[in-house]
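Derivation of every value follows stated rules applied to the coordinates shown; laboratory data play no part. Quick caveat: nothing in here was measured; it's all calculated off a predicted structure. Every residue, glycine as well, gets a Cβ built from its backbone with ideal geometry; the counts of neighbours run over all protein chains shown.
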Amino acid sequence: MNRLSVQAQMIGAGVLIALVVVGALFLLVLPEFDKAAVLDVRMQELDGQIITEKALVERRQSAKAQAAQTEVDLIKVANQVPESPELPSLIINLQDTANQSGLVFAQITPQIPAPAVGVDGQPAGYSLIPIDVKVEGQWADLIEYVRKLGKYTRGMRLRTVQFSSVDGTAEKPRYVEARITLEVYTMSVLNVNNTAAAPSAPATPPADAQPSQ
């Protein structure tokens, strides 16, 4: 009887200990797991916020870099296609280039400006000005002159280039004459109907004209 009683007591003690452990688990351990789960969710939310903020900073930096590049591109376009024709400075540049190439800058004649038209037949919002240039010299110097024209900051297009050999005289040796038709652009939409053809300009431009930058 006493032996059963001892066994019962041991079983009861074991059950009591189990109840205490279960109670401690529910009262102490499980709430900590709940807190850990809440903290884990919070950390995930913070990680998401950090990723969002980083993406926002990267977008702002990218937009800032694009804005800076756009400003550089606009300055480049402004140099290539200025607001006004700036023909006096262009004439000076063309003559300086001819002199540097060892050529005689014989004549320059700006033609009637014309509004540029897009591929859809609509006005493109800028004007083009054909310019006829005549220079004289030797073949190699003329080729060098044409090459330098292609490197101008001012936007232009060589429409035609015609070379002809001219027999020499007692006063002047044989040389090559080049007749070049350029096409330069300006953002000004010029009124062609009220614009007369510009007269042939002398080889030496006006003294008060300034070269374009």
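Of note:
- Charge context of Q162, other residues only, Cβ under 14 angstrom, K/R +1, D/E -1: 0
- Most to least packed among 95-107, 165-177 [average Cβ atoms within 10 Å]: 95-107, 165-177
- Region 87-194, relative contact order in percent, only Cα pairs under 8 angstrom and at least six apart counted: 29
- Efficiency of FRET from Cβ geometry, T169 and T109, R₀ 35 Å, rounded to 0.05: 0.90
- Highest to lowest packing among 150-161, 115-126, scored as the average C-beta count within 10 Å: 150-161, 115-126
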